[in-house]
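The values are calculated or read from the model by the stated rules, or taken from the named source; none is laboratory data. For clarity, every value in this text was computed on a predicted model and none was experimentally measured. Methodologically, a virtual Cβ is constructed for each residue, glycine included, from the backbone with ideal geometry; neighbour enumeration extends over all protein chains shown. For the accessible areas, the whole protein counts, side chains as well, though only heavy atoms, and no ligand, DNA or RNA atoms are used. Shrake-Rupley method; radii C 1.70, N 1.55, O 1.52, S 1.80 Å.
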Amino acid sequence: MTTEQQPLKPMELDEEKARELEEKFDSEIRFRPLLPVTARIVGALLVVLSLFHYYTAGFGILSETMHRGIHLAFVLGLVFLVFPFSPKGYSEPAKSTLLRPLGISIIDWALAIGAVVAVMHVPLIPLDDLAFRVGNPTQTDVMLGGLLIIVLLEATRRSVGWPLPIIAVLFMTYAYFGPSMPGILVHPGSSVSQIIDHLYLTTQGVYGIALGVVATYVFHFVLFGVFATRIGLGQLFLDCAAWVAGRYAGGPAKVSIFGSALFGMISGSSVANTVTVGSLTIPAMIRLGYKRNFAAAVEAASSTGGQITPPIMGAAAFLMIEFLNLPYTTIIIAAIVPAFMHFFGVLMQVHFEAKRTGLRGMTPEEMPDLKEAFKRDWPTVIPLVVLIGVLLSGYTPYLAAFWGITLCIAVGLLNPRKRMSVKEVFDSLRDGAKYALAVGAAAATVGIVVGVVTLTGVGFKISYIVTTTAADIATWFGTFLPASLVGGATLTLLFTLIMTGNVCILMGCGIPTTANYIIMATIAAPTLAMLGVEPLVAHFFVFYYGILADITPPVALAAYAAAGMAGADPFKTGNTAFRLGLGKVLVPFVFVFSPSLLLVNANFSWSEFVVAFLGCVIGITALGAALSGFMLIRTKVWEQVLLIIAAILLVVPEIYSSLLGLALLTPVLMRQVTGFRQPQMV
């Protein structure tokens, strides 16, 4: 039986398998095996952490420092209990000995207790006393602050790897050795006690905005995503995606795109999206005839869109609320068109690939019965609808998450077709807290970076270096480019964007997206603002390019996870995924030069929006055809060259360049249409 004749199995989501795959491929949730008694103790602590956030979301957040302190104390203490010191600890539970009480090293127990003591010292200081001690720390403050920084760096290393702690140490080193820095980077320097004072006793360091957003917003939506998946909403999304896209050429690949877009609404994680949806779509794509690396790349590129898909968008939307002081509705409305462009770009390349290789769609027998799916799972939609409704009504995101979680539990307990047991409810509370540990530790460590930036003013210096370098490059290009074609200011902004985008990708290769966004929003976004870019646009730019690291080799986590599931070459998968995600590469440049694409800028213009939107749609289609080597028929080399040039001209949000791009498309379209019709005329 050929691959095109093989029947495809129904896409039934196995939540247990998806959870195992996620732990296998995502280092942030790869936990050490525990002895039964230890697992019960740790599980109870995780449930308490979830219940703490659930209660405060519905009945009132505690004072800022106290709320963040309790969150961080739980997070750091639990990190040392669930993440081993080295990869050797992932193999099997250690035996309980005198040096390993309950199977965990006595050093880890000491680090966990030390972390809790160091974290809770600050929230327990009376506010009047704390205000006096900022700038005049006691010896106890310095000792406990130093202890917190050490255990925080170690907790972050265990949960997210080496890069972020190294970056934090480099920034602290810069703060200390200021007088020895070269050129513009020189500054008076700070003593160890001054650095600890700033990072520990103020809200501009460890207890800063990054930790606050995770403790106040992100945790709740991670918990909601876990519950929404457990009650069956993910399966309903996949059934809807299969019904919408499965019948067309290359069906499972298109199901992957639509399913990842829908599932991304509740997961907000590239790797979680990849392993959950990919566990179903990747095998189906391979059975249909797709090459393994292409099947894996489709899922990885699609799943990366989960972090840019409203309403949850990972943690970025909530961070933007705090950074920009904008309503949540403004953020999610601005994200609509760029998210569409990303998925549209992947869809067009998948379509052209399916047509080029002659891959069929799913047959009616292989398609889900949508009527039956809604009859079975319609209650699972209620929590998401209510959550979005509360958000759009202007209430706080954590209150929306509270009602979303509450209704998830209610639906899970009452839905007769897929009823959750009380044990499963507690398991979801446990797993939701577990999944949030790594991002909590990373956010606190990012606070070190942000604290050094505010202490030394290095952000402005970096902005000056970047803009000056971009201006020099622009001046050099201006010597042989006609002045009427592009101005010096535009060239300077263009090269600043290119350099900023590259830095975002490089930073994203080693640290989580949330941490990357916070650092770049602190350092790079002000650089763009200096060149006249609106703050919302600048933040969206650095956020989008940070996400690209998930599908950009050499460290493409989503692509490597998908490759592992498909049995494909990781590097080839990463390269293909990056190619499929090129729409996400181009679109940020478009909304910088044409902010109307985000729908909410102060000078919104429908004419500007229409030109930019249509230019992007046609340009991304042309680029997809060029990269796939197929439009209506196979493309020739000269056609691919014209398509690429036309695509670049079309995405430039300006009417004359768009018209020139359309002119270049004309001979390609004429040849494609003629060649497509000719076989039918023979």
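Numbers for the structure displayed
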| item | result |
| --- | --- |
| Sum of side-chain charges, TYR217 neighbourhood, beta-carbon under 15 Å (Lys, Arg +1; Asp, Glu -1) | -1 |
| Protection proxy ranking, peptides 601-611, 458-468, 218-228, average beta carbon neighbours within 10 Å, highest first | 218-228, 458-468, 601-611 |
| Using θ = phi - 60° and Karplus 6.51 cos²θ - 1.76 cosθ + 1.60, couplings along the stretch 164-171 (whole Hz; Gly, Pro as x) | 5, x, 4, 4, 4, 5, 4, 5 |
| Neighbourhood charge, 10 Å Cβ-Cβ cut-off, centred on LEU627 and excluding it, Lys, Arg +1 and Asp, Glu -1 | 0 |
| Summed side-chain charge close to GLY251 - residues other than GLY251 whose Cβ falls under 10 Å, Lys, Arg +1, Asp, Glu -1 | +2 |
| Between the stretch 364-421 and the stretch 606-631, the Cα center-to-center distance that results, in Å | 35 |
| Rounded percent of accessible protein surface that carbon and sulfur make up, the chain, 1.4 Å probe | 68 |
| Order of exposure, largest accessible area first, which applies to CYS408, CYS509 with probe 1.4 Å | CYS509, CYS408 |
| Ranked by how many other beta carbons lie within 10 Å on average, peptides 632-645, 272-285, 558-571 from highest | 272-285, 558-571, 632-645 |
| Solvent-accessible area of TYR55 with every protein chain in place, 1.4 Å probe, in Å² to the nearest 10 | 140 |
| Cβ crowding within 10 Å averaged over residues, with 522-534, 301-313, 430-442 ranked highest first | 301-313, 430-442, 522-534 |
| Cα centre as origin, Lys/Arg/Asp/Glu Cβ charges: the chain dipole, Debye | 1440 |
| Vicinal HN-Hα couplings computed from phi for the stretch 653-665 (Karplus, 6.51 cos²θ - 1.76 cosθ + 1.60; Hz; Gly/Pro x) | x, 8, 4, 6, 5, 5, 5, 5, x, 4, 4, 5, 6 |
| Accessible heavy-atom area order of TYR395, TYR656, highest first, probe of 1.4 Å | TYR656, TYR395 |
| Net lengthening on full extension, ARG287/SER605 (0.36 nm per residue, minus Cα-Cα) | 109.8 nm |
| Structure-based [θ]222 nm, the chain - -39500 (n - 2.57) summed over DSSP H runs of at least 4, per residue, nearest 500 | -23500 deg cm²/dmol |
| Under the Karplus curve 6.51 cos²θ - 1.76 cosθ + 1.60, θ = phi - 60°, whole-Hz ³J(HN,Hα) for the stretch 244-255, x wherever Gly or Pro sits | 6, 10, x, 6, 8, 3, x, x, x, 5, 6, 4 |
| Total charge dipole magnitude, the stretch 159-303, about the Cα centre, Cβ charges on Lys, Arg, Asp, Glu only, Debye to nearest 20 | 620 |
| Area of THR621 that stays accessible when all protein chains are in place (1.4 Å probe, Å², to 10) | 30 |
